[in-house]
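Please treat every number below as a calculation from the coordinates, not as lab data. In this text the structure is predicted, and so the values were computed from the model without any measurement. Every residue, glycine as well, gets a Cβ built from its backbone with ideal geometry; the counts of neighbours run over all protein chains shown.
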Amino acid sequence: MKTEHAPTIQRADYRPLAWTVESIDLHFKLDPDATLVTSRMVCARNPAAVDEGPILLWGEALERISLKVDDAALPAEAVREADGVLQIDAAGERAVVEVVTRIDPRANTTLSGLYLSNGGFFTQCEAEGFRRITYFPDRPDVMARYTVTLEADRAECPVLLSNGNLLEQGELPGGRHFAKWEDPFPKPSYLFALVAAKLVALERTVTTASGREVLLQVWVEEGNLDRSEHAMDSLIHSMRWDEETFGLELDLDRFMIVAVGDFNMGAMENKGLNIFNTKFILAKPDTATDVDYENVESVVAHEYFHNWTGNRVTCRDWFQLTLKEGLTVFRDQQFSADMLARVAGEAAGPAGAASARAVKRIDDVRVLRAAQFAEDGGPMAHPIRPDSYQEINNFYTATVYEKGAEVIRMLHTLLGPEGFRNGMDLYFSYHDGQAVTCDDFVEALSEANGVDLDQFMRWYEQAGTPRVSARGEWDAATGSYTLTLAQRTPPTPGQPEKQPLVIPVAVGLIGPDGRDRALRLEGESQAGAGTRVLALTEAEQRFRFTGLDAEPVPSLLRGFSAPVILELDEDDARLAFRMAHDADPFNRWDAAQRYAERVILGLAGGQAGAVPEAFIAAFRALLNNPALDPAFRAQAASLPTESYLLERMAPADPAALRAALVLTMRTLGGVLAEHWLRLVESMHVPGPYRYHPADAGRRALGNLALRYLAAAGDARGLAAASARYAAATNMTERFGALAALVQSASPAREPALAAFHERYRGDALVLDKWFALQAGAWRWDDAAAPTLARVRALLSDAAFSLSNPNKVYALLGTFFRANAAEFHAADGSGHAFWAEQVIELDRKNPQVAARMARALENWRHYTPALQASIRPQLERVLAAPGLSADVQEIVGKALA
Ligand code: TRP
Ligand code: ZN
């Protein structure tokens, strides 16, 4: 719990420190209630400093036992402590500072710093957790060499790990033991980690591209070894991919991954010692779904890729967070797409590979549209490189990560794969071992390619989702088609005016026969490929295509070539035409989404009373097209997410939207029942489970079919779901069947939930699914109790704990963020519940509380009645005594 009013930190205020740290020797005497930390730092004057000043050491929740400089106690006037910063006056060029602190890991419920989980010790230092371990200049621009000695009870903590290489280990009196580690690479404090716990490791030895043997370990609790192989395979695939794609190799002799059940986020890229939420490591067929397997692969890759983009080259200050996060998300997205395309290409050639890539792209864009577009349209809107913050933990956002990745992707598109690679090579050659800015990155790309990226930098400066509008004019006499593209970014808090951006718009023109035309821009001598990238750089620009035989249908923003909202006036027939013919699989999916959005919002707004026949026909054709693979068809047949649709509604009316979604699901489920039933059978994958994209696609489509049938209350579908539940040989099928039953009016739902609970009692990760499913349940018959009653009851379930972030995200996170109609019940009960839970959570874990608090930040988009219900709850939270800076920032900005 911090100061009364959290101060605002400005990006423009960055100054190098007067003193930095060259090396640090840490000694931990680990004890659950009183851990002693001795730190010896070799401090040196910073050559980059602009002025002289004291040594600054940040500290939080520390008990200071002693402080010495050059082995002598300090005169009182040489040390001051203010606002969590120790200031030490020191003379000369260097000073050895030794500080001893005592900390209480058991009392640390924030999961930042050193904490306990299931009896073991774990750390989380990003962004500012190291200062909760010892006094240190806890900023990413201070890069030091670390040696670390851990001392602990041998029986309680047989495994002692830290960054880098193991130097020595041995016994100590009193049943204790020690281990000493050394990290050869200088690193910022946020990459420090230690683990002391009862764990076992899956091990592999692999040879890197340059021929070095390296040891890979995945550390888990005993009994979970049979769930760690997929993580190990993913790590090995990631290593190979980074060698092949970017020429980047593992730089250590050993690389460790540790899984822990209590963790605020997904995972953390500590140098040589990645620490993961168990959710993103543990997977076996009986407990993990295909989506879980995919997530493990991509998070393992993400953290591994940080070793170069984040660790070897790190951020100068936290405003530059997207430097490492946007780039690393882009890299993990490319990795996953390549992995899918490789397998699909072997089975189905280039078209199969393209479809597989599109499926991954669709997943990523769905997340962007649901989470980032909403963020960009609300009080927390910020550029991918923010200008200010109150609490940095609140800026690990969809904007910094996902939009940040889109910005990197646009650079990749504009420069081409080779140009991008050359830029990356130059970036590493200039900045290896440094803490740098986003400008440094873009400058390296610019220099390597000889292109001016000054205007492009606006993507780093401007918040808000740009709108690109398009108009086409056909001139039959000359066979030419003029496309007028215009851009506009709406104002966001603190940014009333926006400048034009560089927007790559990938364009195709489809002829009446459904085939792409070769494109020739006015003035060009030859026609080129069917898709080309236009650079929209002005507020409005015209592009004239010539040599066309008939009026084309434009297909714009293919592959989602920029993170914008495309405003294109297309009638239903055109959308249906593109659903049937667009050669770009992403846009084919997007045409279906646009059409579905129009239908659903039409129903929600009362402009229509039923799902139109024409939509059903187009939907049916796509669903049954045998030329399209099942994974793609599952994407095409999934409706736009509720959160995205809510953002598109003005004012947002969750109850009306839910009614429209229910009607749409019921109609499609009922009218197409015979098709769905056939899919349930034909998509079934017999035999033992393997994680394979082709099988996963079939299971996804089969499960979707069950969902539609159950929604429609189709008796044969419900019977099929019950049978599939009973006969399932893996979690994807079992949970798919359970989800279908729960999202229906069937009386089978309660017995199925009970059976699932019985089968997996004691399995924390599987029970998270069980909590989430119930918190996300819609009401399919009017007699059903409100979901809130169920959520409240589950709070007292023996397996639930407000101290475990996975449980909070599963139960409360799902209810607040993925069940709008139930959360925003007209009586305001959901809003009062939100305030109550946010206040209680905040006392334990401000980072998690702030994430939950964000569920209401876009409250001004809702109907006046809902706004009137929400406002007093926001005010109630803001007035809570001892509120953290984390929640203060979110709620304060929401009310501003
Ligand atoms: N750097 C981590 C990642 O993106 C994110 C992270 C893990 C994090 N744990 C955290 C950020 C705690 C803030 C607080 O891979
Ligand atoms: Zn990351």
Worksheet item: With the dipole of the chain worked out from charges on the C-beta (+1 for Lys and Arg, -1 for Asp and Glu) around the Cα centre, which of T664, I88, S228 lies farthest toward the positive end?
Response: T664
Fill in: FRET efficiency estimate (nearest 0.05) - Cβ-Cβ, E213 to E758, R0 35 angstrom
0.15
Worksheet item: What length, rounded to one decimal in nm, is gained on full extension from R678 through to R792, with 0.36 nm per residue of separation minus their alpha-carbon distance?
Response: 37.1 nm
Worksheet entry | Degrees, to the nearest 10: 749-759 long Cα axis against longest axis of the chain | 40 degrees
Worksheet item: Which FRET efficiency, nearest 0.05, do R240 and D71 yield, Cβ-Cβ r, R0 35 Å?
Response: 0.10
Worksheet item: If Lys and Arg each add +1 and Asp and Glu each add -1, what is the summed charge of the other residues whose beta carbon sits under 13 Å from the beta carbon of D51?
Response: +1
Worksheet item: For the stretch 449-526, which GluC sites (Glu not before Pro) are in a loop by DSSP, counting at most 16 other Cβ atoms within 10 Å?
Response: E497, E522, E524
Worksheet entry | Lys, Arg +1 and Asp, Glu -1 on Cβ, resulting dipole of the stretch 467-562 about Cα centre, debye, nearest 20 | 300 debye
Worksheet item: What is the calculated FRET efficiency for Q434 to A723, with r their C-beta to C-beta distance and R₀ = 45 Å, to the nearest 0.05?
Response: 0.15
Worksheet item: Toward the positive end of the charge dipole of the stretch 148-292, about the Cα centre and with charges on Cβ (Lys, Arg +1; Asp, Glu -1), which of H237, Q169, T289 goes farthest?
Response: Q169
Worksheet item: What is the distance in Å between the Cα centres of the stretch 733-778 and the stretch 820-896?
Response: 28 Å
Item to complete: Treating only the Cβ atoms of Lys and Arg (+1) and Asp and Glu (-1) as charged, compute the dipole magnitude of the chain about its Cα centre; round to the nearest 20 debye.
Response: 2100 debye
Practice prompt. Straight distance only, please: which lysines reach the Cα of K198 with their own Cα at less than 30 Å, same-chain residues fewer than 8 apart left out?
Written response: K29, K180, K187, K271, K279, K284, K769, K807, K844
Worksheet item: By count of other Cβ within 10 Å, fewest leading, how are T397, T309, T207, T531 ordered?
Response: T207, T531, T397, T309
Worksheet item: Against the longest principal axis of the chain, how steep is helix 693-711, in degrees 0 to 90 to the nearest 10, with axes from Cα atoms?
Response: 70 degrees
Response to the item:
For E98, the net charge from surrounding residues (Cβ-Cβ under 11 Å; K, R +1; D, E -1) works out to -1
Fill in: Neighbour net charge for A880 - beta-carbon separation under 12 angstrom, K R +1, D E -1
-2
Worksheet item: In nm, to one decimal, how far is the modelled label at N625 from the one at R106, with both set 7 Å along Cα→Cβ?
Response: 6.2 nm
Worksheet item: In degrees between 0 and 90, to the nearest 10, how far off the longest principal axis of the chain does helix 613-623 point, with axes built from Cα atoms?
Response: 60 degrees
Fill in: Full-stretch length increase - A868, R542 - with 0.36 nm per residue and alpha-carbon distance subtracted
112.8 nm
Practice prompt. With both partners inside the chain, how many of the DSSP beta bridges are antiparallel, as a percent to the nearest 5?
Written response: 80 percent
Worksheet item: Among the lysines, which have Cα under 19 Å from the Cα of K893 when same-chain residues fewer than 8 positions away are ignored?
Response: K2
Worksheet item: Cross-link partners among lysines for K360, C-alpha distance below 18 Å, same-chain residues fewer than 8 apart left out?
Response: K403
Response to the item:
Subtracting the Cα-Cα distance of R488 and E613 from 0.36 nm times their residue separation yields 41.5 nm
Worksheet, complete the sentence: Pseudo-spin-label distance D51 to E63, built 7 Å along Cα→Cβ, given in nm, is 3.8 nm
Worksheet, complete the sentence: Each label sits 7 Å from Cα toward the beta-carbon; between T205 and E447 the label points are separated, in nm, by 4.1 nm
Item to complete: For the chain, build the charge dipole from Cβ charges (+1 Lys, Arg; -1 Asp, Glu) around the Cα centre, then report which of Y115, L566, F735 sits farthest towards its positive end.
Response: F735
